[in-house]
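Notes follow once the structure below has been shown.
Values quoted throughout were computed directly from the atomic coordinates according to the rules given, and no laboratory measurement underlies them. The model shown is predicted, which means the values in this text are computed figures rather than measured ones. Virtual Cβ from ideal backbone geometry, glycine too; neighbours counted across all protein chains shown.
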Amino acid sequence: MEQTRPQSLSFNFDRVSGELVAVFTPIEGVQVPNLVILKQALTDGGFTKLYIDEAQVSDFAAKATTAKEAFSQKIGERRDGEFLLELSEDFMEAYLTLVPPQGGRARAVEVVNEIRARGITHGIMHEKLRGALSAGHCSKLLVAKGDEPIEGQQARFESLLEEKEEELAEVDEDAVVSYADLGHLLLINVGDPLMRRIPTVEGVNGVNLKGQAVLAKPITEITFNKDCVGTEVKEDNPDLLVAAIAGQPSLITNGVKINPIVEIEDVDLSTGNVTFSGTVKIKGDVKTGMRLHVSGDVFVHGTVEAAEIIAGGNVFVKGGIIGHSETQPGVTTSIAARIKAEGSVQALFAESALIEARQDIMIAGNARQCEMMAGNEILVGKTNPKLGQIIGGRAQATMMVKAVALGSPSAATTKIQVGLDPYLEEKLRAKEQEFQKKLDELDRTIKQLAHYKQNPEKAKNGVGEEAELKRKLLAQEVKDLIAEQTEMKEDLIAAESARIVAVKTVYEGVEMRIGRQVWQVLSDLGGGTAQLQGGKISFGGK
């Protein structure tokens with residue numbers, strides 16, 4: 001037992017139980033201990049390293065003020081240190097919380113034993129752990145960390161056509177005739193390099209706290225596209241794609257296609273309508289009323305009037321696309337040029353035209369009163385900052401519509417839409433129709449087999465076996481169509497990544513659509529980019 005001043009106040013500390021008891025004996029003429037005196041007495045007695053219950057101390061002081069006889073009360077105790085070791089669910093991180101002892105003993109040995117018991121053998125941060133145990137306290141301190149796996153990189157494909165594109169004739173930006181060079185057909189020769197494959201880099205496995213391997217995500221090996229027509233892999237370099245024939249290349253996913261070329265002076269009444277499997281080069285014009293259907297690319301040195309061009313590749317028009325209007329008394333009839341390409345469309349300018357491209361539409365000058373639809377991007381005003389307006393009509397692209405200006409000072413209604421791939425939706429509808437047709441045919445075959453089962457005499461001479469084979473084939477076709485539809489639905493473009501860009505101006509009267517969201521522009525605006533933010537259309541600076 002240890003005694004402190006004043007003599008009316010004393011403390012008993014039981015070294016076995018670890019309890020601290022305060023004792024007060026009223027003595028006439030001796031001051032009753034208040035909180036200040038109590039705490040000073042605890043300090044003087046060397047009891048502050050114990051756990052002191054402040055509420056009990058206050059209660060003891062309050063009782064002392066009215067006590068008529070001696071009394072005692074437990075006000076503290078000896079406490080050992082405590083700890084908590086937490087492991088993440090993936091066994092990649094361990095966190096330590098230490099509560100320091102109060103008059104008792106620390107738990108450093110127990111902490112080390114717990115780390116061993118939990119099977120932690122890898123990634124222990126020994127310096128941090130020793131520091132925490134020495135300090136005696138910490139809160140959720142990271143004391144062990146596993147090695148995260150290093151993700152690999154899938155093979156990449158690098159186009160080598162840029163050097164060829166740089167060989168096109170120089171463009172005089174101050175002259176209208178400079179746009180003539182925009183439509184130059186990119187030609188290659190046998191053996192020319194087209195695309196380089198950057199090989200796959202495999203990932204590196206990690207290690208968790210228990211020393212177990214954490215597998216890196218597997219990388220799917222991809223090679224050049226199997227649809228690389230007119231090309232071949234270089235014999236001594238399996239990662240280099242070269243031209244097998246001379247012609248005009250077009251980029252496809254992970255590859256390049258090459259189409260043969262045919263040259264025509266003009267498409268007019270002297271040639272009649274043209275249908276050709278390959279690429280067509282027209283030195284002159286495509287006249288009003290003519291039709292040109294090819295499986296490859298179309299290159300027009302002159303202009304395309306109110307004619308129709310349908311191409312399985314790209315369409316390049318040096319001199320512009322010009323539909324027109326015929327005016328009769330009281331009636332104005334618009335006769336549009338129609339261009340449809342499975343690849344991209346490039347032109348000097350476009351007026352009163354219907355232009356569809358599975359890839360991109362690029363108009364060097366203005367696009368006036370046109371209906372444009374692109375599977376990827378529409379770019380208007382690529383090389384001359386003084387031009388590049390989309391005036392009236394509609395421009396619809398999956399990823400981006402970009403122009404120097406949208407609309408016109410006359411507030412002509414101009415509709416711009418991005419964020420939905422109309423071609424993929426069209427394919428999906430066609431695939432759904434094919435699926436329903438096959439499903440109906442399968443249903444009829446199953447009913448026929450049921451009929452044969454009830455009338456075995458009608459299934460003789462192999463008729464029943466033939467029907468069963470047909471059922472199996474149709475069932476597989478239906479299964480394949482379901483898989484194709486599922487894949488196509490997954491490829492529908494996300495509107496969040498689409499945008500509308502005006503380099504200089506957006507005029508009143510422009511309607512912007514991104515995905516399903518619509519914004520009517522009610523006053524002239526400067527340049528900027530429109531895109532979805534939080535599900536709404538946001539228009540901001542360049």
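From the residues Leu420, Ala395, Leu449, which one has its Cα farthest along the dipole of the chain in the positive direction, the dipole being from +1 and -1 charges on Cβ of Lys/Arg and Asp/Glu about the Cα centre?
After comparing all options, I get Leu449.
Hey, what angle do you get for helix 54-64 against the long axis of the chain, alpha-carbon based, 0 to 90 degrees rounded to 10?
Taking Cα atoms only, the helix is inclined about 30 degrees.
Output the 0 to 90 degree angle, nearest 10, between the alpha-carbon long axis of helix 35-44 and the longest principal axis computed from the alpha carbons of the chain.
Computed tilt is about 80 degrees.
So how far, in whole Å, is the C-alpha centre of region 71-129 from the one of region 248-321?
Cα centroid to Cα centroid, the span is 78 Å.
I need the Debye-formula profile for region 334-478: one equal scatterer per C-alpha, no solvent, reported as log10 I(q)/I(0) at q = 0.16, 0.18 1/Å, two decimals.
-0.80, -0.94
Return the subset of Lys402/Lys427; Lys382/Lys536; Lys234/Lys257; Lys447/Lys470; Lys427/Lys470; Lys39/Lys63 for which the Cα-Cα distance in this structure is over 18 Å, preserving the input order.
Those over the limit are Lys402/Lys427; Lys382/Lys536; Lys427/Lys470.
Place a point 7 Å from Cα of Lys140 in the direction of its Cβ. Which residues in region 92-107 have their backbone N less than 15 Å from it?
Answer for region 92-107: 93-98.
Listed highest first by mean packing, meaning other Cβ atoms within 10 Å per residue, what order do 432-443, 256-267 come in? Intermediate values should be presented prior to the final figure.
Values: 432-443: 13.7, 256-267: 18.7.
Packing proxy ranking, top to bottom: 256-267, 432-443.
Check which residues have an amide H placed less than 5 Å from Ile378's amide H, if you skip close sequence neighbours.
Ile361, Met400, Val401, Lys402
In whole angstrom, note down how far apart the Cα centers of region 521-542 and region 356-389 are.
First find each Cα centre; the distance between them is then 20 Å.
Calculate, in nm to one decimal, what Arg291 and Glu19 gain on full extension: separation in residues at 0.36 nm each, minus their alpha carbon distance.
The span from Arg291 to Glu19 would gain 87.5 nm if fully extended.
Over all alpha-carbon pairs in region 82-145, figure out the percentage whose distance exceeds 20 Å.
Tail of P(r) above 20 Å: 18 percent of Cα pairs.
Under a plain spin-label model, where a point goes 7 Å from the Cα along Cα-to-Cβ, how far apart in nm are Val204 and Glu465?
So the two model labels end up 6.2 nm from each other.
Collect residues whose amide H, placed 1.01 Å from N in the peptide plane, falls under 5 Å from the amide H of Met195; neighbours closer than 5 in sequence don't count.
Leu160, Leu241
Measure off 7 Å from each Cα along the Cα-to-Cβ vector at Gln153 and Gln520, then give the distance between these two points in nanometres to one decimal.
About 5.0 nm separates the two model spin labels.
Can you order the peptides 458-471, 519-532 by their average number of other Cβ atoms within 10 Å per residue, highest first?
519-532, 458-471
Tell me, what ³J(HN,Hα) does each residue in region 388-398 have, in order and in whole Hz, if you take phi through Karplus 6.51 cos²θ - 1.76 cosθ + 1.60 with θ = phi - 60° and put x for Gly and Pro?
Listing the rounded values in order: x, 9, 9, 10, x, x, 9, 10, 10, 9, 6 Hz.
Arranged from highest to lowest average of other beta-carbon atoms within 10 Å per residue, in what order do the peptides 343-355, 111-123, 496-508, 445-457 appear?
Values: 343-355: 24.5, 111-123: 15.3, 496-508: 20.0, 445-457: 12.2.
Peptide ranking by packing, descending: 343-355, 496-508, 111-123, 445-457.
Between Ala244 and Ile222, what FRET efficiency comes out of the Förster formula 1/(1 + (r/R0)^6) with R0 = 30 Å and r the beta carbon distance, rounded to 0.05?
Working: r = 21 Å, r/R0 = 0.70.
The formula returns an efficiency of 0.90 here.
Working from Cα positions, state the angle (0 to 90°, nearest 10) between the long axis of helix 463-490 and the longest principal axis of the chain.
Tilt of helix 463-490: around 70 degrees.
Under the definition of Cα pairs under 8 Å and six or more residues apart, what whole-number percent is the relative contact order of region 2-77?
Over region 2-77, the number comes to 37 percent.
Among Thr65, Asn189, Leu20, whose Cα projects farthest towards the positive end of the dipole of the chain, with charges put on the beta-carbon of Lys, Arg (+1) and Asp, Glu (-1)?
Of the options given, the answer is Thr65.
Spin-label point model (7 Å from Cα, Cβ direction): what's the Thr486 to Val214 distance in nm?
A separation of 3.1 nm, rounded to one decimal place.
Which percent, to the nearest 5, of DSSP beta bridges fully inside region 194-353 are antiparallel?
Here the antiparallel bridges make up roughly 35 percent for region 194-353.
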